[in-house]
């Protein structure tokens, strides 16, 4: 008897790198169920996981040069004060531009000095108080609570009014 030559008797390849017998044996319903499970369960779970890891749309467009760090002004917060010299220079610059536009249109000239003095005087008249009463009372309540903790710890309590003023001044910068 002759030995069998295995090189001749090997199974014929179907051209695929992997056996496709399993895929071919699955019915259309099973394949459809697998697609639905993937798109309805697995894909959303992956999306939620990535959103939780990366921060989602909150971080979109962020980076070293993004302007995402600017926080909006707090409601009820005192407006930031500007240097009066800078404010006067900006008012004067805008009034000079307004006067130039009026002259180009053929309208009467605008007295920049008088208008600037009027606007700056009106702004100084209506300047808001440094801190509103609500903020002052809130800081005062925090100081009183701190004094209670100091008393329980056996420390000397702080002067409430002086500490309130100090914290408000620190807040102002």
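The values are calculated or read from the model by the stated rules, or taken from the named source; none is laboratory data. Just so you know, these numbers come straight off a predicted model, no measurement behind them. No Cβ is skipped: glycine too gets one built from the backbone with ideal geometry, and neighbour counts run over all protein chains shown.
In region 133-151, the residues that are over 17 Å from residue 170 (Cβ atoms) form Cβ pairs under 8 Å with partners that are part of a helix (DSSP H, G or I), at six or more places apart or across chains, as follows: 144/160; 147/160. Has region 97-105 got at least one residue that is more than 35 Å from the chain's Cα centre (by Cα) and modelled with pLDDT under 90? No, every residue in region 97-105 fails to be more than 35 Å from the chain's Cα centre (by Cα) and modelled with pLDDT under 90. Evaluate the following for residue 29: is it assigned to a helix (DSSP H, G or I), modelled with pLDDT of 85 or more, exposed (fewer than 10 other Cβ atoms within 10 Å of the Cβ) and over 17 Å from the mean Cα position of the chain (by Cα)? Criteria met by residue 29.
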